[in-house]
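Inspection log for the structure reproduced underneath, given as structure tokens.
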Number of protein chains: 2
Amino acid sequence: MTSNNFKKILVPVDGSKCSNKALLRSCELVEVFNSKLILLYVAEKSTPVNLLDRKEYMELIRKFGNKTLERATHVVEKKNISCKTILKEGNVVSEIKKVVKSENCDLIIVGNKGLGAVGRFLLGSVSNKLAQHAPCSVLIVK
Amino acid sequence: MTSNNFKKILVPVDGSKCSNKALLRSCELVEVFNSKLILLYVAEKSTPVNLLDRKEYMELIRKFGNKTLERATHVVEKKNISCKTILKEGNVVSEIKKVVKSENCDLIIVGNKGLGAVGRFLLGSVSNKLAQHAPCSVLIVK
């Protein structure tokens, strides 16, 4: 019943302090359970942007996403843990759910709130939605 | 930052299948992190009861609570894990939060939904509320 646990852990990162805390916590679980680790950045598409051209904005967000994934990978590799990184575009919760299914993850680890680079990423509400609707277990790190 | 993790794990139990799954999962974490384990049953006070006298009803719930805690202890002890059990009366979420504080817990492990003995215990909504308002990390087991 509980033998196949935490084989694959998904950590959605957004570069916030809270998401970094979740990342560090996930490293501990990866170590003890010898899990595979996937880091995911979702470039939220549905953001109202007045200042920038939409295309230009998405370019900026993608760049930030790649940088965030790079930094997170660096944190993880310093602990001798290897990981796979994924960059997606779309709705954060939907994309997380899709990756859980396609990658067959057993656990999502998220911070309880997050501050995005441009204030667009409310991990708080993301973690709530995941708590209700995720197809696998969810650890909300405080 | 992440050194003092999961020293004390709280598992609210309600005797449901889902809560038993959470209990088994918690045993694994207790084992790898050498955590202390607390099992909690909250006898919900605010239940509309038409069939039974209130006092009689609470007596019944307390008995069920003690039995549930006994059974959960048995599950845990079979894995050579010792635990502390607590029976509280009141609102489930508030009592869980109080115990987290008084016992200094780092992690709550709950199932994503629960069926109470008399249909009164909706762990589903409890896990959502905890995800939002718990003073420590929360693992929602699916």
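Computed from the coordinates by the stated procedures, all read-outs in this text should not be read as laboratory data. The structure displayed is predicted, hence computed values, not measured ones. Note that each Cβ is placed from the backbone with ideal geometry, even for glycine, and that neighbours are counted across all protein chains shown.
The figures follow:
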quantity: Two-site FRET efficiency, A:Ser125 against A:Lys7, from Cβ-Cβ distance with R₀ of 25 Å, rounded to 0.05; calculated: 0.35
quantity: Distances in nm from A:Asn66 to the matching label points in the other copies, shortest first (labels 7 Å along Cα to Cβ); calculated: 6.6
quantity: Amide H contacts of A:Ala43 (H built 1.01 Å from N, under 5 Å, at least 5 apart or other chain); calculated: A:Lys88, A:Glu89, A:Gly90
quantity: Positive minus negative residues near B:Lys79 (Lys, Arg vs Asp, Glu; Cβ under 10 Å); calculated: -2
quantity: Inter-copy spacing of B:Lys98 label points, which lie 7 Å from Cα along Cα→Cβ, given in nm from shortest upward; calculated: 4.6
